[in-house]
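A short worksheet on the structure shown next.
Taken together, the values in this text are just the output of simple stated rules run on the coordinates, not laboratory data. This structure is a prediction, so every number in the text was calculated from the model and none was measured. Neighbour counts are summed over all protein chains in view; Cβ atoms, including those assigned to glycine, are modelled from backbone coordinates with ideal geometry.
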Amino acid sequence: MLRQLLNSLTFSTALLTFVFATQVRGEDSAASESRLTGSVKYLASDDLGGRGVGTPELDQAAEYIATEFSNAGLRTDLFDGSPFQSFEITVKAELGPAANNYLTFIGPGSENADVAQRVELKLGEDLSTLAIGGTGKVDAPVIFVGYGITAPDAEYDDYAGVDVEGKVVLILRKEPDQDNPHSAFDGTASSRHAHFATKVSNAYSHGAAAVILVNDHFGLTQSAETSLKQWNESVDQLVKLRNEFQAKKDPTEEETATHQADISKLVAQLHTLDEKLKGDHDELLALDGAGTESTHRKLPVFFASRAAVDRVIKASLGKDLTALEAAIDEGPTPHSQILKGWKVNCESNVDFKKATIKNVAGVLDGEGALANETVIVGAHYDHLGDGGPGSLAPWTKAIHNGADDNASGTAALLEVARQIVAQDIKPRRRIVFMAFSGEERGLLGSSYYVSNPALPLEKTVAMVNMDMVGRLKDNKLIISGTGTATSFEALIDETNKRYEFDIKKDPGGYGPSDHASFYGKQIPVFHFFTGTHNDYHRPSDDIEKINVEGMRRITAMVTDVVDQLATAEARPEYVEVKQKKHEVSGDRPYLGTIPDFGREVEGYALMGAAKDSPADRAGIKAGDVIVKFGDSKIAGLEDIDGALRKYKAGDKVPVIILRDGKEQAVTVTLAPPR
């Protein structure tokens with residue numbers, strides 16, 4: 001082990017620095033914990049509103065970090081004289097002008113005014129545009145494709161026998177046989193095929209020009225049963241309240257007022273439920289009802305009422321949607337078919353709003369022959385604002401303070417900077433402390449930096465990341481990246497002799513945090529993490545639950561690791577770990593691509609391909625964009641996932657990629673699932 005460490009470090013120099021740093025940092029643990037507490041308390045305060053992407057509060061956090069970097073003694077002019085690296089991302093979707101959001105079914109004989117069959121859907125009443133799609137105008141035939149599912153494992157395909165290329169597809173929500181625990185899908189639970197994103201992706205991959213979604217009959221029945229149950233429960237509660245109040249001999253004025261307020265509330269609730277029971281429960285989804293993230297920016301996606309669609313189905317097929325659903329469920333067997341003589345004239349307009357966000361950097365310059373090499377220490381400072389996409393409390397609109405995720409990592413980043421500067425000894429290598437934004441949206445900040453580096457990536461020798469380091473429990477610390485350089489496992493083992501953490505090592509360099517962006521550029525990485533918990537991505541992730549003493553110890557260890565990386569004679573020797581950590585897999589063939597979420601392109605952008613993976617052997621590399629996989633059109637991660645499920649290990653699949661703006665054809669031989 002020592003021999004391995006000596007191969008990459010001048011151990012005596014590193015050890016002297018380590019001992020000196022230990023003495024300095026050991027003098028004032030209380031002060032360190034006070035600074036950590038102050039930073040987490042500020043970043044996770046209600047005043048910062050959850051540090052949501054695109055909000056003024058996130059900018060406020062960036063200013064705070066830049067000031068703390070400067071106060072620590074770092075240089076804050078890395079980006080053209082500024083601490084900020086600014087870039088634009090899409091933050092939300094808004095409906096465009098009503099005149100540009102419409103849909104009309106046009107039937108046989110429509111050119112003759114006397115027999116015209118036109119079913120015009122009214123926006124907000126019969127029709128809504130969905131942000132999961134995009135902006136486009138279509139005039140094309142329409143095909144009913146049942147539940148819009150392609151599931152080879154269940155031997156079911158709604159697209160079999162119908163050609164939807166360039167046509168509008170009409171799709172039911174959910175999946176067949178929903179009330180059957182023995183169904184070919186996931187029984188009474190929804191499988192992945194029920195997801196809106198899966199349905200839209202499948203339609204796109206088959207070449208559909210537009211998508212119309214509609215509520216399923218089983219779902220409407222469940223909704224009606226739920227409303228009736230709620231109505232009965234409210235009536236029972238009303239009777240109970242009145243009986244309890246009448247049993248009081250001499251109620252006080254306060255008790256009377258409280259009783260009247262409770263009764264009024266229940267009566268209003270009953271009125272709302274009564275109106276709902278009188279309806280058909282066929283509610284339209286809102287613009288963001290199917291999601292707010294879109295990789296199909298030119299594909300119109302609508303949600304329509306069953307009543308409007310049934311008029312067309314009956315006119316074309318002589319039966320309604322309920323009859324078609326029953327026929328499908330009997331097998332389940334697809335009953336997809338073209339609505340002969342009918343077409344759809346439609347337009348959607350979704351305005352995807354952008355915002356400028358920024359990475360924040362502070363620099364401690366190196367001294368000597370290695371001063372042009374860089375060690376990056378990072379943490380993301382954005383979180384989820386008041387909820388929405390990414391929240392695990394999706395129906396709750398409340399500030400998600402993100403004390404652990406990732407105020408803890410940001411506070412630790414600031415403290416590492418303070419401690420290293422306090423040594424008053426110049427490191428041999430430059431150390432860049434960087435707070436990334438947009439991590440919660442898909443590593444956007446770190447992806448942007450590695451695509452637009454301020455310092456040469458070939459001279460960046462390592463990246464150390466901290467994400468959720470505030471919940472140390474039972475002394476267990478997770479460190480990823482221990483296999484990404486030949487010396488890294490020994491480095492951790494030697495350093496941990498001082499701290500005695502119960503360390504769980506993960507050799508891989510990919511994962512759902514910013515270190516993955518750097519590892520994709522063949523830079524060795526470390527990622528420090530104390531694990532997930534029940535407050536993850538919920539409003540309850542508050543400072544009261546932070547283990548500050550544990551944070552202080554982790555911060556001290558990270559400082560020691562960074563010290564040694566910055567002072568070693570030789571740079572770490574990069575290792576490509578043979579594993580897949582990022583690409584969705586499990587039950588379909590392995591491809592081995594590494595997605596790049598930092599680029600908004602029409603296709604599946606890649607940060608790279610895992611070593612010796614099918615993608616790597618086919619010559620696919622960083623910067624490529626997959627636009628077609630077999631017969632499937634590809635616009636994003638969901639599309640490639642669906643396309644892969646159509647094949648099995650050993651299949652040779654033709655793939656079209658864009659490289660430097662030009663199409664190239666390659667062939668991949670798929671491997672078994674991982």
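If we sort 39-52, 239-252 on the protection proxy, mean other Cβ atoms within 10 Å, highest first, what's the order?
39-52, 239-252
For the chain, just say rounded, prolate or oblate: build the C-alpha gyration tensor, square-root its eigenvalues into a ≥ b ≥ c, call rounded for a/c under 1.5, and beyond that prolate if a/b exceeds b/c, oblate if not.
Since a/c reaches 1.5 but b/c is at least a/b, the shape of the chain is classed as oblate.
Let me know the shape class of the range 344-408, please: from the alpha-carbon gyration tensor, a ≥ b ≥ c as square roots of the eigenvalues, rounded when a/c is under 1.5, otherwise prolate if a/b is greater than b/c, or oblate.
Details: a/c = 4.38, a/b = 1.82, b/c = 2.40.
It comes out oblate by the Cα gyration axes.
In the range 298-442, what percentage of the DSSP-assigned beta bridges are antiparallel, given to the nearest 5?
Expressed as a percentage, antiparallel bridges in the range 298-442 total about 40.
How much net charge surrounds Ser128 when only other residues with a Cβ under 11 Å from its Cβ are counted (Lys, Arg +1; Asp, Glu -1)?
Net of charged neighbours comes to -3.
Could you order peptides 448-459, 143-154 by the average number of other Cβ atoms within 10 Å of their residues, highest first?
143-154, 448-459
How high is the relative contact order of the range 521-674, in percent, counting Cα pairs under 8 Å that sit 6 or more residues apart?
20 percent
Within 10 Å of each candidate Cβ there may be at most 14 other Cβ atoms; applying that plus a DSSP loop requirement, which GluC sites (Glu not before Pro) in the range 342-401 survive?
Glu367
Can you show me the helix-derived [θ] at 222 nm for the chain, built from DSSP H runs with n ≥ 4 at -39,500 (n - 2.57) apiece and divided by the number of residues, rounded to the nearest 500.
Mean residue ellipticity at 222 nm (helix-derived): -10000 deg cm²/dmol.
How high is the relative contact order of the chain, in percent, with contacts defined as C-alpha pairs under 8 Å that are six or more residues apart?
Relative contact order for the chain comes out at 18 percent.
For a quick check: sort Glu494, Glu544, Glu175, Glu569 by the number of other beta carbons within 10 angstrom, fewest at the front.
Fewest-to-most Cβ neighbours within 10 Å comes out as Glu544, Glu569, Glu494, Glu175.
First select every other residue whose beta carbon is under 12 angstrom from the beta carbon of Ile376; then total the charges, Lys and Arg +1, Asp and Glu -1.
Charge balance near Ile376 sits at +2.
Could you tell me how many degrees, from 0 to 90 and to the nearest 10, lie between the Cα long axis of helix 488-499 and the main elongation axis, the longest principal axis, of the Cα atoms of the chain?
70 degrees
Checking the a/c ratio against 1.5 first, then a/b against b/c, what shape does the Cα gyration tensor give for the range 593-669?
Since a/c stays below 1.5, the shape of the range 593-669 is classed as rounded.
Please tell me the relative contact order of the range 593-669 in percent, rounded to the nearest whole number, where contacts are Cα pairs under 8 Å and at least six residues apart.
That works out to 27 percent.
Sort Arg311, Arg588 by Cβ crowding within 10 Å, fewest neighbours at the top.
So the ranking, lowest neighbour count to highest, is Arg311, Arg588.
How many angstrom lie between the Cα centre of the range 138-173 and the Cα centre of the range 290-346?
9 Å
For the chain, find the longest principal axis of its Cα atoms and tell me its angle to the long axis of helix 217-246, 0 to 90°, nearest 10.
Taking Cα atoms only, the helix is inclined about 80 degrees.
Pull up the cross-link candidates among the aspartates and glutamates for Lys137, meaning alpha carbon to alpha carbon under 19 Å and not fewer than 8 places away within one chain.
List returned: Glu94, Glu120, Asp126, Glu165, Glu347, Asp351, Glu602.
Using alpha carbons only, how many degrees (0 to 90, rounded to 10) separate the axis of helix 548-567 from the longest principal axis of the chain?
60 degrees
What is the gain in length, in nm to one decimal, between Asn243 and Ile478 on full extension, counting 0.36 nm per residue of separation less the C-alpha to C-alpha distance?
Roughly 78.8 nm would be gained on extension.
What FRET efficiency would be calculated for the residue pair Lys648, Ser34, taking the C-beta separation as r and a Förster radius of 56 Å, to the nearest 0.05?
Result of the calculation: an efficiency of 0.45.
Considering only DSSP beta bridges whose two residues both sit in the chain, what percent are antiparallel, to the nearest 5?
65 percent
Anything over 26 Å Cα to Cα? Flag those among Lys229/Lys319; Lys497/Lys611; Lys298/Lys319; Lys199/Lys340; Lys199/Lys319; Lys426/Lys611, in the order listed.
Listed pairs above 26 Å: Lys229/Lys319; Lys497/Lys611; Lys298/Lys319; Lys426/Lys611.
How about Lys504: which aspartates and glutamates have a C-alpha closer than 14 Å to its C-alpha, ignoring those fewer than 8 places off in the same chain?
Straight-line reach from Lys504, under 14 Å: Asp474, Glu489, Asp493.
What net charge do the residues around Lys426 carry, taking every other residue with its C-beta under 11 Å from that of Lys426, with Lys and Arg at +1 and Asp and Glu at -1?
Neighbour charge sum, excluding Lys426 itself: 0.
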